[in-house]
């Protein structure tokens, strides 16, 4: 499927999904959110894709936020619907079987940061700036930001970011645990793809089960999380990937995983 606001390039089982609205700093409107949901679904169903890199077009922004021009005229009901639409995209990304890595190349503000936080982890350019400026516009984060940021860095730091609307530079975002690693702008995409290619070489079912265990375990007690982990661990012993991976180790050869 072709998209008006997105670009998709797949090389060696790694798909790069680019939000392509550079003139508006890749802002998220209803059309873009709808396309993102369709594209992510297609990538999750594509057996040839093992990992996804999400980034934004141009040098200035990953995604600078939700489209204020579209939001400005919304009433309370329309605002609620828009928030739920954004949350639907975020939740789908979190539940995807495929890992998604954000390559934050510039501003990741508001909805853009919420999109990045829905990825499994984030790499950033030294030029990246992240934040939730919604309170300066009379609103608050609405695409899951209050929930995901607090779970990631704790409520105190999340509250500081959300209540003040201040941006963090890449180094501080890394120090606070929002970003995993920071790279020069010219190296960001290559480094992100490099990690995605490493993930693409290992067992897909192992990766998807681990993603499931981490995401769902966060909402369980530790004991319930252990039980859930053990259940997923056991299921993997009924897969061809487990037999291939352990067989290859014993036979001292490279494993050829099939995701089955």
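Here are a few things to note about the model shown:
- In nm, spacing of pseudo-spin labels at residue 201 and residue 235 (7 Å Cα→C-beta vector): 2.8 nm
- Order of 41, 77, 107, 123 - criterion: other Cβ atoms within 10 Å of each residue's Cβ, fewest first: 77, 41, 107, 123
- Rounded tilt (10° steps) of 185-201 against the dominant C-alpha axis of the chain: 30 degrees
- Computed [θ] at 222 nm, deg cm²/dmol, the chain (DSSP H ≥ 4; -39,500 (n - 2.57); rounded to nearest 500): -15500 deg cm²/dmol
- Between 0 and 90°, nearest 10: helix 222-236 axis offset from the chain longest Cα axis: 50 degrees
- Here the label points at residue 1 and residue 137, each 7 Å from Cα along the C-beta direction, are separated by 2.5 nm in the simple model.
- With Cα atoms, 0 to 90° folded angle of helix 240-250 axis to the chain main axis: 60 degrees
- Antiparallel DSSP beta bridges within the chain, percent to nearest 5: 30 percent
- Which of 125, 209 has the fewest Cβ neighbours within 10 Å, and the rest in rising order: 209, 125
- The residues 38, 174, when put in order of fewest to most other Cβ atoms within 10 Å, stand as 38, 174.
- Label separation (residue 157 vs residue 37): 3.2 nm, computed from points 7 Å beyond Cα along the C-beta direction.
- Note on residue 248 and residue 69: the extension gain reaches 58.9 nm, defined as 0.36 nm multiplied by sequence separation minus the Cα-Cα distance.
Read-outs throughout are calculated quantities, based only on the coordinates presented, and are distinct from any laboratory measurement. Predicted model only: the values in this text are computed from it and were never measured. Using ideal geometry, Cβ is built from the backbone for each residue, glycine included, and neighbour counts are taken over all protein chains shown.
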